[in-house]
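The values are calculated or read from the model by the stated rules, or taken from the named source; none is laboratory data. As the structure is a computational prediction, the values presented were derived from the model and not from experiment. Backbone-built Cβ (ideal geometry, glycine too); neighbour counts: all protein chains shown.
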Amino acid sequence: MILDLNSMIYPAIDYVSNEVIPKALGGDVATIAMIGVALIVLFVLVVLLVELTAWVVGLLKRFVLFVLVMVSIVFFFFSFSDKIFSPEPDFTLLAIGAAGVVCAIIALAISVISVKREMQKPWYQKVQDLKKKMKEAAAEEFEKELEKKTAVAATPAPAATQVQQPGMLSKQALTTANVLAAFHDRSLLAVLSYMVVAEFGVFSGVTVSAPNETVGLIFFGLFIVAAMIFIKSTYHSYLTGIKHLTIALVFGAALSVLLGYIWASIPLEELLSLGYFKTNSLVALVTGLAVSLFLGSKA
């Protein structure tokens, strides 16, 4: 593959340096025109790449989230089916599993909708830009018609109307922006749904926990610091991000203890002590926080 690539690159460089550039410097019109067209095409490609990069990254992030949710659900359902058809099923465990099924459905629906909306974002943005241009054109046309019907010395009533119309449009645009901004940060329902699915997936699969409490505690502390830095740099509202992190941390810790005790049969004494930091419950908590906050954020 490298040889084929070199065989394509080197002849092209040789052709440009020995054929195209000398002809252009010599004043060959066709060569100069060809270079101009090539530069225009290159400029268009760069502009498209810059505009699409953010969209592609967002789409990729949401697709990765969808895949993680699907993998967690598959692991969870295999594990849950084994527990359902066991000779002596535990009804408490079955109730928790049923709640996990509900959360899995919610998380899957949210991830699918998220991918769909991200795929439609370029078209939606074009529609919004078109609406904005139509509003601006309507405002300009209104002002022109108003000027035609108004005397040179404007009366107070038309002047007030002229001032109010752009203000009304600005207020409407501001309201729309505020509404869209309100939905920019991921909702708490999505954060908690992803948390539940991720933790069920960890307990249902094969995981590697920390070798001892000290390593687990250090790892957890570094993760929390990284989570706060991530929230600071991505969430529109830092307070909203901290609220999500705090609630998800409390909820996830309680859920990891519950699942560790009932689902993974870890002794409760170990889960309620520093021994927690060397169990799969810590892995489930960190995984749930990472999926729900990192990949779940809309920023």
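Here are a few things to note about the model shown:
- All of 59, 65 fail the test of being surrounded by 11 or more Cβ atoms within 10 Å (Cβ to Cβ), touching a Ser or Thr at 6+ places or on another chain (Cβ under 6 Å) and touching a residue at least 40 places away in the same chain (Cβ under 8 Å), apart from 65.
- Filtering the stretch 218-233 to residues that are within 23 Å of the chain's Cα centre (by Cα) and buried (at least 16 other Cβ atoms within 10 Å of the Cβ) leaves 227, 230, 231.
- Exactly one residue among 257, 215, 191, 196 is surrounded by 16 or more Cβ atoms within 10 Å (Cβ to Cβ) and modelled with pLDDT of 90 or more, and that residue is 257.
- No other residue among 32, 21, 73 is modelled with pLDDT of 75 or more, in contact with a Ser or Thr (Cβ under 9 Å, 6 or more places away or on another chain) and assigned to a helix (DSSP H, G or I) apart from 21.
- Criterion: among the hydroxyl-bearing types (Ser, Thr, Tyr), under 30 Å from residue 92 (Cα atoms) and either in contact (Cβ under 8 Å) with a residue 40 or more places away in the chain or assigned to a helix (DSSP H, G or I) (or both) - qualifying residue of 256, 265, 233: 256
- Given (1) part of a loop (DSSP other than H, G, I, E, B); (2) under 28 Å from residue 191 (Cα atoms), number of the condition residue 87 does not satisfy: (2)
- Counting the residues of the stretch 63-120 that are more than 21 Å from residue 252 (Cβ to Cβ) and in contact with a Leu (Cβ under 8 Å, 6 or more places away or on another chain) gives 5.
- Top-ranked residue in the stretch 243-253 [being aliphatic (A, V, I, L, M) and in contact (Cβ under 8 Å) with a residue 40 or more places away in the chain; ranked as surrounded by the most Cβ atoms within 10 Å (Cβ to Cβ)]: 248
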